[in-house]
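The values are calculated or read from the model by the stated rules, or taken from the named source; none is laboratory data. Treat the numbers as computed from the prediction; the structure is a model and nothing was measured. Note that each Cβ is placed from the backbone with ideal geometry, even for glycine, and that neighbours are counted across all protein chains shown. What goes into the accessible areas is simple: the full protein's heavy atoms, side chains included, and nothing from ligands, DNA or RNA. Shrake-Rupley method; radii C 1.70, N 1.55, O 1.52, S 1.80 Å.
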Amino acid sequence: MNKIKKHNGKTKPSTQNPTGNIRVFFDKHEKTFVALSLTLGTLISILLFDVKVSLSGDDCDYIVAAGDFWKNFIYPGHHGSLYPILLSPFVGLFGMKLILLKSLSAIFMMTSFWLFYKSFRRTTPSTVLIPSLFLVCINPHVLFFASYTYSEPLFMFMQALFFYLFSGYFRSNDTERTLIRQYSSIKKDWSKYLILAFVIMGMGLTRTIGLSVIGAIILYFTIERRWKDMIFTIGFWGVIFGIFYFLKPVIWPDSASVQSFETLLSKNPYNIEQGLEDLPGLIHRVINNSHTYLSGFLYQYLGLRSYSDMPLEDIPFLSIFTYILFIICIVTLFKKNKGLFFAGLYSGVLLFASFILLNQLWAQDRIIMIYYPYILLFLLGGVYYLLKNRRLKNFTWVYPFILIVLFIGTGVHLNVKIKNNIPVLQQNITGNDLYGLTPDWENFIRMSRWAGDNLDKNAVIASRKPSISYVYSGRDFWGIYSVPSDNIKNVTAHIEKEKGENVFLITNMSKKTLPSLAPFIQCILTTTTKDSKFQINNESINIAGIFQIPKSLFNENLTRTLDSLDINYTSDYERFIKQYIDDNAQNYKITTPDMLLKTLKDNHVKYLLLPKIRIYPPQNTGRFINTIHLYVSSIQTKYPNSFMLVHTIGKEETCELVEFTGQ
């Protein structure tokens, strides 16, 4: 049986087993390892620094929102609002200085690592805390976000501040096994609850999912039977939350709102008409997200899966194993270490909330990145305490073996990332700020700059990624993110209203069409899945046009011409439309050229950027994101002279600039 000795106020285990030896080592060199971890984290952040913006454009959205808040006091409600508000003075005073703005993310992240350490240093064995801190500080997947203007670094800071305050307010520093003070006094402790409430509110305003921490707090205090602490903490937060959302519409009556629960819980967030997920759908979503984030991104962060294989293949066994390991660690830590126990509850609650609310279409590693330090600490702590069980004394070697594997795996990923980034960074800091981009993105950004320099400053220019165009050109762009669609009810209502004076002709638009019919196009219908097909006279098609033709023009000459051109058509619109009404999955899209034309006119759009952004980013397959191309072509189908080519950049994967001449 190992004896326990005291050494400089710390518990010193006997050195008769590997974990004891490791703990003695880390206890002795704790300060050195903390300094080394934070220093390496800072150095690696510099080596992994990327002066360019992300291609998703989300980081640019925060910069745009920060500028709008500073210049026009517009509340940044579309994304987490706190980050652009904090960013706004830097954007307002220094302009679009990407290196400065990105450096703030590194500061937030390094500070979060320091608070992470401070939160657990008195209640967690150094054998667990120091390796966790070191592994996080050298993790290339985490430090990738240290040079991007995403909200994640700020959220990690707010999250770490929450843990620091929670541990300081509600935990005793004298022992690992005592967490919650036995008595709470609202008269004495009101300031602590108030400060904690503001931090919780800050987490929610940085990322909406941060409000799920309320669930973790309720669960933890319920398990510990700390009813007063739970009531006071939730009560103060509720007051702050209520005051803010009462004053917000008063101060910012036109503020945008974050994504609604209807959007989050819809089957397709880009087509709300498909309806909300039912219970089996939500269960399926949780299962799929578990595979994506647990068997995929989590093990990639741990260095146990390939760095380059994207997207990562789901491994259901790993997901199941992770859930089992989580349960074992929760049970083990419940009596052994309440600080690590709460870290597990927190990570579990917020991840589960993410798995329910996030559509599988939004699979991104940053969803799990923000919790990674606490997941790692919790799992290592659970395994560490589990192996201290007498029955498992012969397996104490497993813990140092796990640490070695994690160090090697993380180091391999780090080496690959640094080797790939240094040549790009060298080019970027010497003036070639677009080096490292594929031609499709380079041409798009170059065209954004050309448009900003050469077009009328008052002209409205449409862009697929308006925030990226703004950051690189310094002028506003109007965003076209999708081709607006109509619904079948509107189509049928219009037909019923106009059928007395008109014939509604449906043709296969994938083949030759009659130019003289173009002015009569009412709408264009396309399938949205590979296997979906429409039927016209027993022919399967994937794109059809509905033409509204006055009865006086629908004569034998027209039908004879259609037949001679071998154009498949039908005037039995009721039979044709029934296909859409019966399609519960709604695997179709209805585009109305007049509606698109009106949108451009209403927003005074003069020019449009038409980039050929790759669908498959690593390689030019010839397929590209054709949102604005479809927008333009849909209008041109009915109004052929609506657009004129102004400028082209690039020999391959070109970006074109067209002028909207109107009708």
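Can you name the residue in segment 502-521 that is modelled with pLDDT of 85 or more and out of contact with any helix residue (DSSP H, G or I) (no Cβ under 7 Å at 6 or more places or on another chain) and, of all such residues, is most open to solvent (accessible area, probe 1.4 Å)?
Going through segment 502-521, the residues modelled with pLDDT of 85 or more turn out to be 502-507, 518-521.
Remaining after also requiring out of contact with any helix residue (DSSP H, G or I) (no Cβ under 7 Å at 6 or more places or on another chain): 502-503, 505, 507, 520.
Details: N502: 20, V503: 27, L505: 0, T507: 4, F520: 55 Å².
Of everything passing the filter in segment 502-521, F520 is most open to solvent (accessible area, probe 1.4 Å).
Considering (1) open to solvent by 20 Å² or more (accessible area, probe 1.4 Å); (2) touching a Lys or Arg at 6+ places or on another chain (Cβ under 9 Å), say which one F321 fails and leave the rest.
Condition (2) is where F321 drops out.
Can you confirm whether segment 447-467 contains a residue that is out of contact with any Lys or Arg (no Cβ under 8 Å at 6 or more places or on another chain), acidic (D, E) and over 27 Å from T621 (Cα atoms)?
Yes, there is a match, as at least one residue in segment 447-467 is out of contact with any Lys or Arg (no Cβ under 8 Å at 6 or more places or on another chain), acidic (D, E) and over 27 Å from T621 (Cα atoms).
Checking I404 against (1) part of a helix (DSSP H, G or I); (2) surrounded by 14 or more Cβ atoms within 10 Å (Cβ to Cβ); (3) at pLDDT 95 or above: exactly one of these is not met. Which one?
(2)
Test L247 against the stated conditions and say whether it is part of a helix (DSSP H, G or I), at pLDDT 90 or above and closer than 30 Å to K52 by Cα. Lay out the reasoning, then the answer.
Working: part of a helix (DSSP H, G or I): yes; at pLDDT 90 or above: yes; closer than 30 Å to K52 by Cα: no.
No, not satisfied.
Out of I590, I613, I543, I549, I need the residue that is within 30 Å of E653 (Cα to Cα) and in contact with a Phe, Trp or Tyr (Cβ under 6 Å, 6 or more places away or on another chain). Which one? Steps first, please.
Numbers: I590 fails: in contact with a Phe, Trp or Tyr (Cβ under 6 Å, 6 or more places away or on another chain); I543 fails: in contact with a Phe, Trp or Tyr (Cβ under 6 Å, 6 or more places away or on another chain); I549 fails: within 30 Å of E653 (Cα to Cα).
Only one candidate passes the filter, namely I613.
Conditions: (1) free of Cβ contacts under 8 Å to residues at least 24 places away in the same chain; (2) of a type in the set (A, V, I, L, M, F, W, C); (3) over 17 Å from S132 (Cβ atoms). F352 meets all but one. Number of the miss?
(1)
In this structure, does L562 turn out to be open to solvent by less than 40 Å² (accessible area, probe 1.4 Å) and closer than 23 Å to C655 by Cα?
On the way: open to solvent by less than 40 Å² (accessible area, probe 1.4 Å): yes; closer than 23 Å to C655 by Cα: no.
No; evaluated as a whole, the condition is false for this residue.
Out of (1) over 30 Å from D58 (Cβ atoms); (2) open to solvent by 60 Å² or more (accessible area, probe 1.4 Å), what's the single condition that is false for N458?
(1)
How many residues, within segment 226-254, are of a type in the set (D, E, K, R), farther than 18 Å from I214 by Cβ and open to solvent by 40 Å² or more (accessible area, probe 1.4 Å)?
Step one: filter segment 226-254 for residues of a type in the set (D, E, K, R), giving 226, 228-229, 248, 254.
Applying the additional criterion that residues be farther than 18 Å from I214 by Cβ yields 248, 254.
Going one step further and asking which of them are open to solvent by 40 Å² or more (accessible area, probe 1.4 Å), we end up with 254.
Residues flagged as of a type in the set (D, E, K, R), farther than 18 Å from I214 by Cβ and open to solvent by 40 Å² or more (accessible area, probe 1.4 Å) within segment 226-254 amount to 1.
Can you tell me how many residues in segment 112-140 are open to solvent by 50 Å² or more (accessible area, probe 1.4 Å) and either closer than 12 Å to M156 by Cβ or in contact with a strand residue (DSSP E or B) (Cβ under 8 Å, 6 or more places away or on another chain) (or both)? If you could, list the steps in order and put the result at the bottom.
At the first step, the residues of segment 112-140 found to be open to solvent by 50 Å² or more (accessible area, probe 1.4 Å) are 114, 118, 121-122.
With the extra rule that they be either closer than 12 Å to M156 by Cβ or in contact with a strand residue (DSSP E or B) (Cβ under 8 Å, 6 or more places away or on another chain) (or both), the set shrinks to 114.
Qualifying residue count for the region: 1.
List every residue pair whose Cβ atoms sit under 6 Å apart, with the two residues 6 or more apart in sequence or on different chains, where the first one lies in segment 436-450 and is over 14 Å from Y472 (Cβ atoms) and the second, anywhere, is hydrophobic (A, V, I, L, M, F, W, C) and not in a helix (DSSP H, G or I).
Close Cβ pairs (under 6 Å, with a partner that is hydrophobic (A, V, I, L, M, F, W, C) and not in a helix (DSSP H, G or I)) amount to D440/I613.
Looking only at segment 451-491, filter to residues that are part of a strand (DSSP E or B) and in contact (Cβ under 8 Å) with a residue 24 or more places away in the chain; which one of those is farthest from G67 (Cα to Cα)? I'd like the intermediate steps shown before the answer.
Filtering segment 451-491 for residues part of a strand (DSSP E or B) gives 460-463, 478-479, 486.
Next, from what is left, pick out any that are in contact (Cβ under 8 Å) with a residue 24 or more places away in the chain: 460-463, 478, 486.
On the way: V460: 18, I461: 19, A462: 19, S463: 19, W478: 16, D486: 34 Å.
For segment 451-491, the residue satisfying everything is D486.
Output the helices (runs of 4 or more DSSP H) that fall wholly within segment 80-158 and possess 3 or more residues being within 15 Å of A65 (Cβ to Cβ), or say none.
Working: elements: 82-94, 98-120, 126-137, 140-143.
Those helices (runs of 4 or more DSSP H) span 82-94.
Among the residues of segment 386-396, are any assigned to a helix (DSSP H, G or I) and open to solvent by less than 40 Å² (accessible area, probe 1.4 Å)?
Here is the first cut: in segment 386-396, the ones assigned to a helix (DSSP H, G or I) are 386, 390-395.
Right, trim to open to solvent by less than 40 Å² (accessible area, probe 1.4 Å) and you get none.
Scanning segment 386-396, I find no residue that is assigned to a helix (DSSP H, G or I) and open to solvent by less than 40 Å² (accessible area, probe 1.4 Å), so the answer is no.
Determine, yes or no, whether T208 is modelled with pLDDT under 95 and open to solvent by less than 30 Å² (accessible area, probe 1.4 Å). Give the steps one after another, and end with the answer.
Numbers: modelled with pLDDT under 95: yes; open to solvent by less than 30 Å² (accessible area, probe 1.4 Å): no.
So T208 does not fit the description; no.
Only one of (1) within 25 Å of the chain's Cα centre (by Cα); (2) modelled with pLDDT of 80 or more fails for V24. Which number is that?
For V24, the failing item is (1).
Sort through K530, K499 and tell me the only one that's closer than 16 Å to T570 by Cβ, among the basic types (K, R) and modelled with pLDDT under 85.
Numbers: K530 fails: closer than 16 Å to T570 by Cβ.
That would be K499, the only listed residue that is closer than 16 Å to T570 by Cβ, among the basic types (K, R) and modelled with pLDDT under 85.
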